[in-house]
Amino acid sequence: MKISRIAQVGAVAAIAALALAGCASNETASGDTPTSSEGPALTGTLNGSGATSQQVAVQAWTAEFQTANADVTVNYDPQGSGTGRESFQSGAVEFAGSDRAFKTEELEAGPFDACAEGSDIVEIPAYVSPIAIAFNVEGVDALNLDPATIAGIFAGTITNWNDPAIAATNDGVTLPDLAITPVHRSDKSGTTANFTDYLAQTAGDVWTYDSVEEWPIQGGEAAQGTSGVVNAVKGGNGTIGYADHSQTADLTTVSVQVGSEWVEPSAEGAAIALDASPLEEGRASTDLAFAIDRTTEESGAYPVMLVSYLIGCVDYEDADAAALVKGFFTTAVSEAGQKTAADNAGSAPISTELAEKAQAAIDQIS
């Protein structure tokens with residue numbers, strides 16, 4: 001697959017720089033782009049935009065990257081996956097964060113104005129995290145829900161908390177006669193795409209809207225961004241929503257049915273689900289997009305999860321931009337970068353094998 005280039009967009013969107021504290025890294029990156037104190041430091045400004053889910057991870061990676069490269073500024077605007085991909089395509093930013101990879105038809109259609117003419121793109125699965133199904137029902141401290149029941153709640157066919165379908169998997173739990181208020185994202189969201197993909201794969205006879213980034217039905221409550229969903233669930237009674245697990249620490253979350261088990265959201269469970277999934281076929285060697293198997297019955301797997309990608313060009317017209325993207329991406333997939341993301345965002349570190357594949361793709365950037 002090759003990408004056609006059209007006119008370069010000159011205006012760069014105003015992006016507020018995140019205030020970041022540095023943390024030392026002693027890792028030396030593979031390739032010729034330094035991420036530690038060894039070798040010549042990079043300089044300049046790197047602009048990115050995209051997923052709110054990986055915002056905390058991006059902060060951690062930036063701190064790691066800036067420790068080795070004190071004269072680099074990294075700006076990341078967490079406006080959602082869809083906005084990030086659109087900004088990258090228009091050339092307004094040098095990289096995007098997205099909770100889904102570009103679809104093959106989107107790659108073929110283009111344009112990708114950040115890239116040199118004829119360039120492929122790099123899509124690196126750098127952030128793996130569970131999507132928590134969080135709820136706020138007074139007097140209820142735990143819930144087990146099977147896929148069909150979760151789908152019914154968000155499709156609007158199960159409307160009360162004492163519904164028999166909920167009671168059937170929650171013996172001993174006193175469920176109130178209370179209306180359910182499902183909360184969904186109002187913006188174009190990769191988290192929504194991953195959550196609805198789970199519903200479509202595991203309960204397609206109930207959730208008939210496929211995998212979509214924009215919420216497809218009326219009803220419930222809409223909220224902007226991950227923080228908006230979390231605040232809406234927290235502020236109500238009878239609410240239930242979906243959000244990156246790193247931002248749901250103050251909420252009660254659902255255990256989902258996987259085979260004969262009830263599995264809580266965890267980084268470990270998300271990693272098991274990813275390991276059970278293949279890479280998509282028919283893509284460039286630098287495009288590491290996963291076809292996540294939400295139907296896995298692997299013990300301990302938590303299939304309500306997302307893989308959030310760092311997206312850039314294989315070939316940039318600006319060599320300085322290429323060096324900055326290459327260095328930042330290398331930091332993100334390094335052992336130190338994955339550890340600091342796990343420590344700060346609760347994500348699952350990618351496997352050694354996947355890190356090696358990711359670094360091989362990053363090494364192609366020029």
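For region 57-76, the set of residues classified as charged (D, E, K, R) and surrounded by 23 or more Cβ atoms within 10 Å (Cβ to Cβ) consists of Glu64 only. What number of residues within region 306-358 satisfy the criterion of being in contact with a Gly (Cβ under 6 Å, 6 or more places away or on another chain) and charged (D, E, K, R)? Qualifying residue count for the region: 1.
Quick one: which of Thr295, Thr340, Thr352, Thr286 is in contact with an Asp or Glu (Cβ under 7 Å, 6 or more places away or on another chain) and either modelled with pLDDT under 95 or farther than 20 Å from Phe88 by Cβ (or both)?
Values: Thr295 fails: in contact with an Asp or Glu (Cβ under 7 Å, 6 or more places away or on another chain); Thr352 fails: in contact with an Asp or Glu (Cβ under 7 Å, 6 or more places away or on another chain); Thr286 fails: either modelled with pLDDT under 95 or farther than 20 Å from Phe88 by Cβ (or both).
The match here is Thr340.
Within region 310-324, being outside any strand (DSSP E or B) and either in contact with a Ser or Thr (Cβ under 9 Å, 6 or more places away or on another chain) or surrounded by fewer than 20 Cβ atoms within 10 Å (Cβ to Cβ) (or both) holds for Val314, Asp315, Tyr316, Glu317, Asp318, Ala319, Asp320, Ala322, Ala323, Leu324. Taking every residue in region 157-174 that is over 22 Å from Thr208 (Cα atoms) and in contact (Cβ under 8 Å) with a residue 60 or more places away in the chain and pairing it with any residue that is of a type in the set (Ser, Thr, Tyr) and surrounded by 13 or more Cβ atoms within 10 Å (Cβ to Cβ), at least 6 positions away or on another chain, the pairs with Cβ-Cβ distances below 8 Å are Thr169/Thr149. Report yes if Val212 is surrounded by fewer than 22 Cβ atoms within 10 Å (Cβ to Cβ), free of Cβ contacts under 8 Å to residues at least 60 places away in the same chain and not charged (D, E, K, R), otherwise no. Yes; evaluated as a whole, the condition is true for this residue.
Residue-level check: of (1) buried (at least 24 other Cβ atoms within 10 Å of the Cβ); (2) free of Cβ contacts under 8 Å to residues at least 24 places away in the same chain, Val304 misses just (2).
The residue that is modelled with the lowest pLDDT, counting only those in region 112-134 that are aliphatic (A, V, I, L, M) and in a loop (DSSP other than H, G, I, E, B), is Ala114.
Looking across Thr286, Thr331, Thr296, one residue alone is under 15 Å from Ile124 (Cα atoms), of a type outside the set (A, V, I, L, M) and touching a strand residue (DSSP E or B) at 6+ places or on another chain (Cβ under 8 Å). It is Thr286. Just so you know, in region 155-182 the residues that are closer than 23 Å to Pro216 by Cα and not in a loop (DSSP other than H, G, I, E, B) include one that is nearest to the chain's Cα centre (by Cα), and it is Pro182. Restricted to region 187-209, and to residues there that are modelled with pLDDT under 95 and assigned to a loop (DSSP other than H, G, I, E, B), the residue that is nearest to the chain's Cα centre (by Cα) is Ser189. For the residues Ala276, Ala232, the requirement of being modelled with pLDDT of 95 or more and touching an Asp or Glu at 6+ places or on another chain (Cβ under 6 Å) singles out Ala232.
Considering Thr159, Thr191, which residue is outside the structural domain of Pro125 (by TED's automatic domain parsing) and under 18 Å from Ser81 (Cβ atoms)? Break it down into steps so the answer makes sense when it comes.
Working: Thr159 fails: under 18 Å from Ser81 (Cβ atoms).
Just a single option satisfies the conditions, and that option is Thr191.
The values are calculated or read from the model by the stated rules, or taken from the named source; none is laboratory data. Treat the numbers as computed from the prediction; the structure is a model and nothing was measured. Virtual Cβ from ideal backbone geometry, glycine too; neighbours counted across all protein chains shown.
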